[in-house]
Amino acid sequence: MAGPMSLNSQPGAAGAANPEVPRKAAVLRDANARLLVIGQLGSQICDRMALAGILWFLTTSAGAALVPWYIAASGLPHLALAWRAGRIINALGPLRVVVWADLLRGGLFLGAAALMQALPHSADIVVLFALALLGNLGAALFNPAILSLPVRLARRDAYQPNQLTALLSSCGATGTIVGPALAALIYKAGGLETVLALTGAAYLVAGLIEQRVRLPETVAPAAGPALRHASITPVVRRHPLVGWLLGLLLLVNLGMGPVVLFLPLYAAQVFTGGIDAQAWLQSSVGLGMIAGGLASALIGLPGSRVVRVTAPVMVTTACYLGFALSTSLPLSCGLLIGLGASLAAANAGLIGLFQTIPDEPEVPAVMAMVNLFGVASLPLSMAVVGLVLNVAPVTTVATACAAAALLIALASPAIPGLRARSAAHPPPGARR
């Protein structure tokens, strides 16, 4: 095995392209990457479709007051498994976890659809809450596993792990746009049972496609017990920069999270455009994320490590502040497209460091924290903002959140160790 190398570098055959400058669209020429993306595109669209259908069902049948409790129940498995997910993923392997999590969720959604068809309507709420708990047990393992998998799968003589991650993230952004639209059509035609059944089928198909993925063989030595059972605390002690970047991720998420609440409020109160204005705003974010994710995947992120991390975060929060101050719907849509694109690039930059700074067996523990912060920061920030909105107008609250996020972003270049060209660990073994 080669000795330590600088971040985002890897040995290659003679004449191989410099991995610091990834080949354009190389990730799409990798058959394994294509299989993973195809499976995830369908399951992510149907996942967002199911969420939209469930939230609409709860709102119309039991009242909007039940929706926050459903979201909270969905987050409990992520909290419960956050400190164990890394060990489980290392024990089973990230690819096996991804496959079986999708197959498990497919069976659960099909079972929930059958139960809602067979049981009295009075049991529907119980079925949906059970689905939220059990389905998110799979998601709590799937999310860090899918973020860890590119470390093993990426052919780094051609492209970097964060390029595959960005491509997978664009599947989620596509689902955010397409899923709710499909939910509206299918819900009207066949009810929530049909929405759940189609989602279950999509998960099963995704799992079957992912079973065809073949990890490259390696000659890396087995990780020692300390790494196989790594938890986040020793990882942060070994790699302090990871701790600082996790802190940056959490703080920015807390400031950015309420934007999903601000969009409908701005549509109704600032632009007075109703649901049409809301659709334009939400679609703008999704389109930006798709564009940014595809660009990050196909071209890669240029510049030094500090530029790849901090510049997209600064642009994201600046667009956020611009949106908060805007009173023009077209201008706001343009700013939200920029926000979505730079957010996708920021995610690719941060996730890329989380994938390459730690040793490979430590990556799942880090990704479990990334997943937890993403799940936990949204309800926490929205709860605080919801209380503040009772005493302040939405424009003031949004401007304060955006300004705070921008200040954090502007301070991010001062993170200790971010500017250093520290040696990173070699990739997971040389390919045979």
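Computed from the coordinates by the stated procedures, all read-outs in this text should not be read as laboratory data. Predicted model, so just to flag it, every value in this text is computed and none were measured. Virtual Cβ from ideal backbone geometry, glycine too; neighbours counted across all protein chains shown.
Computed about its Cα centre, the charge dipole of the stretch 231-424 is approximately 440 debye, with only Lys, Arg, Asp and Glu carrying charge at their Cβ. Within the chain, helices built from complete DSSP H runs that reach 18 Å or longer along their own axis (Cα positions) and carry a mean Kyte-Doolittle hydropathy of 0.0 or higher are 31-62, 67-81, 94-118, 124-153, 161-210, 240-256, 274-298, 305-325, 329-356, 363-388, 394-411.
Judged by the mean number of other Cβ atoms found within 10 Å, the most tightly packed of the peptides 138-148, 393-403 leads the ranking 138-148, 393-403. In units of the compact-protein estimate 2.2 N^0.38 Å, the chain shows a Cα radius of gyration of 0.97.
If each residue's Cβ is checked for other Cβ atoms within 10 Å, how do ILE209, ILE125, ILE54 rank with the fewest at the top?
Details: ILE209 20, ILE125 15, ILE54 23.
If I rank by nearby Cβ atoms, fewest first, I get ILE125, ILE209, ILE54.
Computed from point charges on the beta carbon alone (+1 for Lys and Arg, -1 for Asp and Glu), the dipole magnitude for the stretch 25-217 about its Cα centre is near 460 Debye.
Counting Cα-Cα pairs of the stretch 242-304 in 5 Å increments starting at 0 gives whole-percent bin shares of 4, 15, 14, 15, 20, 15, 9, 6, 2.
In plain terms, the C-alpha convex hull of the stretch 231-424 casts an average shadow of 10.9 nm² when viewed from every direction.
What's the exposure ranking of HIS239, HIS121, going from fewest to most Cβ atoms within 10 Å?
So the residues, fewest neighbours to most, are HIS121, HIS239.
Out of every Cα-Cα pair that the stretch 25-217 contains, those further apart than 23 angstrom amount to 43 percent.
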